[in-house]
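Beneath this line is the structure, given in structure tokens, with notes to follow.
All of the numbers you see were taken from the coordinates with simple rules; none came from a lab. All of these numbers come straight from a predicted model, not from anything done at the bench. Counting neighbours? That spans all protein chains shown, and the Cβs are built from the backbone with ideal geometry, glycine included.
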Amino acid sequence: MISGSGRCFYHPDRAGLGICVECRNVICVECTTQFEGINRCAKCLAARLSQAKKIVARTEWGVGNLLLMVLSIGFLFGSVWALAAMFSS
Ligand SMILES: [Zn+2]
Ligand SMILES: [Zn+2]
């Protein structure tokens, strides 16, 4: 018999309902959080959310803005070039 099975990892007096996909602990209805349709305990969800926030912030300021900046500069230079070519001919 596996110790702790069927009982919430955080509340030993409560019946376990699901298993957290991150830490594999049995969790009760109060500890179960559904995020993106996946069961996680409150602790793992908090960790996941802070991690996701960091990734979003990094992507926004890193790749997204850089790409947008490069594209707009390229577009600007392209239009200037096209105009110059149009007027010089
Ligand atoms: Zn967990
Ligand atoms: Zn619980």
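Summary of values
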item: So GLU22, is it free of Cβ contacts under 8 Å to residues at least 24 places away in the same chain and part of a loop (DSSP other than H, G, I, E, B); result: no
item: Failed condition for CYS44, given (1) more than 10 Å from ligand 1 (Cβ to nearest atom); (2) not in a strand (DSSP E or B); result: (1)
item: Number of positions in region 24-43 that are more than 13 Å from ligand 2 (Cβ to nearest atom) and surrounded by 12 or more Cβ atoms within 10 Å (Cβ to Cβ); result: 2
